[in-house]
Amino acid sequence: MAALLFRDDPYLRACEATVVAVQGDTVELDRTVFYPLGGGQAGDTGRLGPWRVLDTRKGATPDSVLHILEPGAAPAVGSAVEAQLDWERRHRLMRLHTALHLLGAVVKAPVTGGRIGEDKAHLDFDVEMQRLVKEAIEGELSQLVAKGVDTRVRWIIDAELDARPELVKTMSVAPPRGEGRVRLLEIPGIDHQACGGTHVANTAEIGGLRVVRIRSEGKRNKRVTLELAP
Ligand SMILES: [Zn+2]
């Protein structure tokens with residue numbers, strides 16, 4: 001079980017940590033700034049001291065994080081390392097992730113899936129294609145970005161989530177459970193839902209967005225793909 005520093009401060013780029021387990025090329029630390037793949041958001045990359053981290057995944061228990069190193073040597077259990085993110089990449093993920101919360105508010109339809117990569121992000125909606133108009137979506141997104149609304153994180157207990165099913169919006173991505181509490185992201189006036197990912201502090205920080213593609217991926221999946229404007 002590691003201290004997951006990104007939950008309280010997604011802007012932490014590095015931390016000192018102690019290696020608590022090593023298995024092959026995967027390393028666990030007592031604390032980390034690395035976000036593991038989950039909730040549709042890609043796992044972080046970066047370095048543990050001189051070792052390159054290619055990906056980050058969840059371990060077998062809640063709060064365990066596996067740093068997947070480039071094959072080869074690995075640090076020894078008990079050693080101290082500096083865990084350092086590829087911050088440019090992570091910041092893009094934070095901007096795109098927060099952008100998807102705005103997209104979910106703009107397109108008023110059930111969300112059936114989603115993914116956030118370093119270059120683009122998408123949500124799938126159960127909606128008719130003709131309701132998805134590129135220019136209209138881009139226009140509304142840019143208004144919400146320009147509003148400059150602060151994002152907020154709050155924790156509630158599982159029972160409170162059970163009593164408020166409207167807080168679970170993404171049908172195919174169950175909120176992280178098993179800890180007795182669930183993390184909520186709130187963008188006042190725009191969105192409010194269970195989400196364990198990393199977000200920017202204010203919608204203005206997302207910057208320019210482009211809808212690069214709107215495509216049918218099946219009867220109940222109409223996919224809207226976003227990119228950060230260059
Ligand atoms: Zn989120």
Candidate set: the stretch 108-141, residues that are outside any helix (DSSP H, G or I) and among the small types (Gly, Ala, Ser); chosen: the one nearest to Arg92 (Cα to Cα): Gly117
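Of all residues in the stretch 1-46 being hydroxyl-bearing (Ser, Thr, Tyr) and assigned to a strand (DSSP E or B), which is farthest from the chain's Cα centre (by Cα)?
Thr18
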Residue in the stretch 71-79 that is touching a Ser or Thr at 6+ places or on another chain (Cβ under 6 Å) and modelled with pLDDT of 95 or more present: no
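Considering Leu123, Leu102, which residue is farther than 16 Å from Glu217 by Cβ, in contact (Cβ under 8 Å) with a residue 24 or more places away in the chain and of a type in the set (A, V, I, L, M, F, W, C)? Working first, answer last.
On the way: Leu123 fails: farther than 16 Å from Glu217 by Cβ.
The conditions single out Leu102.
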So Ile156, is it outside any strand (DSSP E or B), out of contact with any Cys (no Cβ under 9 Å at 6 or more places or on another chain), closer than 22 Å to Gly40 by Cα and of a type in the set (A, V, I, L, M, F, W, C): no
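Yes/no matrix, rows are residues, columns are (1) touching a residue at least 60 places away in the same chain (Cβ under 8 Å); (2) within 16 Å of the ligand (Cβ to nearest atom):
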position: Asp119; (1), (2): yes, no
position: Glu135; (1), (2): no, no
position: Gly139; (1), (2): no, no
position: Glu186; (1), (2): no, yes
position: Thr203; (1), (2): yes, yes
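The values are calculated or read from the model by the stated rules, or taken from the named source; none is laboratory data. Not measured: the values here are computed from a predicted model. Reconstructed Cβ throughout: ideal geometry from the backbone, glycine too, with neighbour counts over all protein chains shown.
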